[in-house]
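In what follows, a single structure is set out as structure tokens and then discussed.
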Amino acid sequence: MKHIFTSADEAVSQIQDGATIMVGGFGLVGIPEQLILALEEKGVKDLTVISNNCGIDDWGLGLLLRKKQIKKIIASYVGENKEFERQVLSGEIEVELTPQGTLAERIRAGGAGIPAFYTPAGVGTIISDGKEVRNFNGKDYVLETALKADFSIIRAVKADHLGNLIYNKTAQNFNPIMAAAGEVTIAEVEEIVETGMLDPNMIQSPSIYIQSMLQAKQEKKIERLTVR
Amino acid sequence: MTLSNRERIAIRAEKEIEHENYVNLGIGMPTLVANYISPDKTVILQSENGLLGIGPYPTEDQVDPDLINAGKETITTIPGSSFFTSAESFAMIRGGHIDVAILGGMEVSENGDLANWMIPGKMIKGMGGAMDLVHGAKKIIVIMDHVSKDGSPKIKKECSLPLTGKGVVNKIITERALIEVTSRGLELKEVFEGYSIQDVLQSTEATLIVEDVKLSVSL
């Protein structure tokens, strides 16, 4: 049985200034909404954040940006956020841009005990500057290192009490690989059911990766509502 | 109704997609290609945020906030679609399983280098999945305007902007021409209605091999 927090504030109480955290989601889809709000409320500072994006001005990781809680971000695309732009230009925040597939694989490797790997992405571009490039079978590849985090905060649609997780549609994205790469992984889940109620065939993150959970309702804000 | 250049380019790009291809369409102009996929073809569209089988945009009732494409637009899925993690998504991209990727471009060079992610001095937004895609898909097609807003060529001897990938482009489609990147260099293959070979050569900085060109191809 994994610990189930009764509040988001309690869930983030272990996260201290200077921590490295992975935050699940792609855009605003699949982000752990209440845990991010609680981090903003708690006011932890000097965070290193690993996440594909950095939210929008008034939601998701944008909330932590606005309060200058992020010291460094490792991401693949951060173009939706004006405050972010301002902090980059003024040097208040350090940014490490990583090709999205490399970011995903660095996280996967971190959770899978692989310290580094070679990938073709970024070879011959500024991304490979200062990194080892090696030729395999006539093609160049760049060495990229694994990423791990003190805490991973992720979101799932369903869990059992043991911490087995199921995700919803494209809200899966980076969440399962971050679950494995966090020293401590806190899953924010829409619904927690009795252990044994989930079909083992359907489990997307086995419970071994999850240390604790929070059941919370999600607002699920839409970044670009597009209809026919 | 006259079509815009963007639509005409998208229509021509669609002809590069074959029946039962798995295809990734980049954000912006490439996304338009989806509107013109022939009903005779079954095409599976990949979205790098973790979906194979993108469907049409939803009706108001169908909108699901947990279902978006890589451009963060709400979408639907087709029957037979599947969801997966970001790591799996890029494993299938780098692993060479995607048949065609259609991407936008800022500059393409004579040897197929692509620049499409960053303009020095302007705010850097990030490369997203473009640097992975250009190394993984079997065929990389760049669609873009032939010249930039100030009229300067975008198909150049060397890219002046920071690269997305080196020697990665297979085909370039603009409103003026279709150009193939081959081991011999850039071969002009089609010139579109309204333009002459001379027009294309004058608006291209890179050297074009002009041997076997279809003229006045209508889009």
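The values are calculated or read from the model by the stated rules, or taken from the named source; none is laboratory data. What you are looking at is a predicted structure, and each value in this text was computed from that prediction instead of being measured. Cβ sites come from the backbone with ideal geometry, for glycine too, and all protein chains shown count toward neighbours. We work out accessible area using only protein heavy atoms, side chains counted, and drop any ligands, DNA or RNA first. Shrake-Rupley method; radii C 1.70, N 1.55, O 1.52, S 1.80 Å.
General remarks:
- Reachable lysines, given that their alpha-carbon falls under 26 Å from the alpha-carbon of B:LYS166 and they are not under 8 places away in the same chain: A:LYS131, A:LYS139, B:LYS15, B:LYS122, B:LYS125, B:LYS138, B:LYS139, B:LYS149, B:LYS154, B:LYS156, B:LYS157, B:LYS189
- Split the accessible area of the range A:150-228 by element, probe 1.4 Å, and carbon with sulfur accounts for 50%.
- Table column - 3J(HN,Hα) (Hz), the range B:119-135, Karplus curve with 6.51, -1.76, 1.60, x for Gly and Pro: 10, x, x, 9, 4, 8, 9, x, 8, x, x, 4, 5, 6, 4, 5, 9
- Taken about its Cα centre, the protein assembly as shown carries a charge dipole of roughly 560 debye when the Cβ of each Lys and Arg holds +1 and the Cβ of each Asp and Glu holds -1.
- For the range A:1-125, the per residue solvent-accessible surface stands at 35 Å², with DNA, RNA and ligands left out and a 1.4 Å probe.
- Axis angle, to the nearest 10 degrees, between helix B:5-14 and the longest C-alpha principal axis of chain B: 70 degrees.
- Within straight-line reach of B:LYS41, meaning a Cα separation under 20 Å, sit the following aspartates and glutamates at least 8 residues removed in sequence or on another chain: B:GLU7, B:GLU14, B:GLU16, B:GLU18, B:GLU20, B:ASP99.
- The range B:8-116: trypsin sites (Lys or Arg not before Pro) in DSSP loop, at most 14 other beta carbons within 10 Å: B:LYS15, B:LYS41
- Charge dipole of the protein assembly as shown about the Cα centre (unit charges at C-beta), most positive-ward option of A:PHE84, B:LEU45, B:TYR195: B:TYR195
- Amide H within-cut-off set for B:LYS139, under 5 Å, with H built and near neighbours excluded: B:VAL100, B:ALA101
- For chain A, the relative contact order is 23 percent, taking Cα pairs closer than 8 Å that sit 6 or more residues apart in sequence and dividing their mean separation by the residue count.
- Note that the range B:185-197 has calculated 3J(HN,Hα) couplings of x, 8, 9, 6, 10, 9, 10, 8, 2, x, 10, 10, 4 Hz, one per residue in order, obtained from phi through the Karplus relation 6.51 cos²θ - 1.76 cosθ + 1.60 (θ = phi - 60°); glycine and proline are x.
- Exposed loop positions in chain A were taken to be GluC sites (Glu not before Pro) whose DSSP state is not H, G, I, E or B and which have at most 15 other beta-carbon atoms within 10 angstrom. Between these positions, the longest stretch is A:1-91.
- Close amide-amide hydrogen proximity is noted between A:LYS45 and A:ASP17, A:GLY18, each under 5 Å apart and 5 or more residues distant or on a separate chain (H modeled in the peptide plane; Pro and chain starts excluded).
- The HN-Hα couplings worked out from phi for the range A:199-214 by the Karplus form 6.51 cos²θ - 1.76 cosθ + 1.60 (θ = phi - 60°) are 6, x, 5, 9, 5, 9, 10, x, 4, 4, 7, 10, 9, 7, 9, 9 Hz, whole numbers, x standing for Gly and Pro.
- Residue-count net charge about B:GLU187 - beta-carbon cut-off 14 Å; Lys, Arg +1, Asp, Glu -1: -1
- Range in chain B, longest, excluding exposed GluC sites (Glu not before Pro) [loop by DSSP; at most 13 other beta-carbon atoms within 10 Å]: B:21-157
- Annotation: amide H of A:LYS158 within the under-5 Å range of A:ILE166, A:GLU190, A:GLU191, sequence separation 5 or more or interchain, hydrogens built in the peptide plane.
- Those aspartates and glutamates that a straight Cα-Cα span of less than 12 Å connects to A:LYS217, excepting residues fewer than 8 apart in one chain: A:GLU33, A:GLU188, A:GLU190, A:GLU191
- Shape category assigned to the range A:161-220 from the gyration tensor of Cα positions, a/c cut at 1.5: rounded
- Cα centroid of the range A:35-65 to Cα centroid of the range B:7-47, whole Å: 37 Å
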